[in-house]
1. With the structure loaded, tell me whether Leu207 is more than 17 Å from the chain's Cα centre (by Cα), within 15 Å of Gly116 (Cβ to Cβ) and within 15 Å of the ligand (Cβ to nearest atom) or whether it fails that test.
2. Among (1) under 23 Å from Thr80 (Cβ atoms); (2) more than 15 Å from the chain's Cα centre (by Cα), which single condition is Ser228 missing?
3. Applying the selection to region 56-85, what residues are modelled with pLDDT of 95 or more and among the small types (Gly, Ala, Ser)?
4. I'd like to verify a number: residues in region 82-122 that are in contact with an Asp or Glu (Cβ under 9 Å, 6 or more places away or on another chain) and within 15 Å of the ligand (Cβ to nearest atom), how many?
5. Just checking, how many residues over region 137-183 are in contact (Cβ under 8 Å) with a residue 12 or more places away in the chain, among the hydrophobic types (A, V, I, L, M, F, W, C), away from the ligand (no atom under 16 Å from the Cβ) and more than 15 Å from Leu213 (Cβ to Cβ)?
6. Filter region 188-204 down to the residues that are touching a Leu at 6+ places or on another chain (Cβ under 9 Å) and not hydroxyl-bearing (Ser, Thr, Tyr), then identify the one that is farthest from the ligand (Cβ to nearest atom).
7. Quick one: is Ala230 in a loop (DSSP other than H, G, I, E, B), touching a residue at least 12 places away in the same chain (Cβ under 8 Å), within 16 Å of the ligand (Cβ to nearest atom) and buried (at least 24 other Cβ atoms within 10 Å of the Cβ)?
8. So the check is Cβ under 6 Å with 6+ separation or different chains; which pairs have a first residue in region 98-117 that's of a type in the set (Asp, Glu) and a second one that's away from the ligand (no atom under 16 Å from the Cβ)?
Amino acid sequence: MTVSRRGVLKGATAAAVGAAGTAVGMHAANSATASPGQAVLTAGSGRQPVELTWWGNHAWQIRCGESVVLTDPWLTRFRTGTYKPEGVDESARIVSKPSIVDKYVTKADAILVHHGHYDHLPDVPYIARKTKATVFGNETHLNLLRSLRAPADQLSQVVGGEYLPFPKFTIEVFRSLHSCGGARHQFAFPGTRPGAVPPTPRTIADLVEGGTLAYVITIGGLRILSLSTAGFDPIALKDLEVDVVLAAPGGEPGVTDRLLATLKPVPLVIATHWDDFDEPLDRPAVDWGGLAKLQASVVAAGAEFAKVEHLQSITL
Ligand SMILES: [Zn+2]
């Protein structure tokens, strides 16, 4: 297993770095406190260590002390063909395997659903039941989750604009957009499921995108912008100040350049959703082909670029 980075982001608190709009380099770690395979953001006052663990695709466990936030926790990884030459198999059956999820997921206070697709949603009902976490999503996401028998009393409907304080962290919700591409600027399985709960999804085509949300998690004094695809809403994110962006490759040409020009200068971008998820989670991630372009855009914007291996963590 390779490890992404080992470094120290020196200087002021992360919040101050963000506010100053200064991209600060990550330097080789000499710190005895840096565990192998982890980067450390040197904490100023008000900062506590925040550990981000990558479970592939856009599944992140963000932990600070006893607080745990999960983004699109999908770990079961059934075969889809998404990044294979034959393309996505629309008839692939949705499955969620507790035996796989239980290897990794132990606790969660909040689960952030970014969009409804098959590589984001299917394990959420089981994880919600197991952890008793509050699940955020829009009307379609929650209706799809209800149809997959998620615990209804834990679901919280959001649209973008919400500011949601928890005892040890805060969730802000932003309108967002799914990435699109090709000659007709399309994305897979568009559609919504408002109103009544739809029939139980059986195949991956039944899990429609349903609108896309972005979230800022403020935890341990760190502000993390979580984007589940390369798409974003330039109005919603205009001049937003964050310390870290979880950014996905792909999408229209130049989309990441536009994202980083829309935000206030951000010190650190961590790649997300860059692995071919037909490949196993317990093996090193296989780049589906978008990583180099993502990295080039991040470096051109003056931000540090980091990637984390499957099941590895970065501590900031
Ligand atoms: Zn998607």
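The values are calculated or read from the model by the stated rules, or taken from the named source; none is laboratory data. Predicted, not measured: the structure shown is a model, and the values here were computed from it. No Cβ is skipped: glycine too gets one built from the backbone with ideal geometry, and neighbour counts run over all protein chains shown.
1. yes
2. The one condition Ser228 does not meet is (2).
3. Those that are modelled with pLDDT of 95 or more and among the small types (Gly, Ala, Ser): Gly56, Ala59, Gly65, Ser67.
4. Residues in region 82-122 being in contact with an Asp or Glu (Cβ under 9 Å, 6 or more places away or on another chain) and within 15 Å of the ligand (Cβ to nearest atom): 13 in total.
5. Going through region 137-183 one residue at a time, the tally reaches 4.
6. Val197
7. Working: in a loop (DSSP other than H, G, I, E, B): yes; touching a residue at least 12 places away in the same chain (Cβ under 8 Å): yes; within 16 Å of the ligand (Cβ to nearest atom): yes; buried (at least 24 other Cβ atoms within 10 Å of the Cβ): yes.
Yes, satisfied.
8. Every condition considered, the pairs that remain are Asp109/Ser67; Asp109/Val68; Asp109/Ala133.
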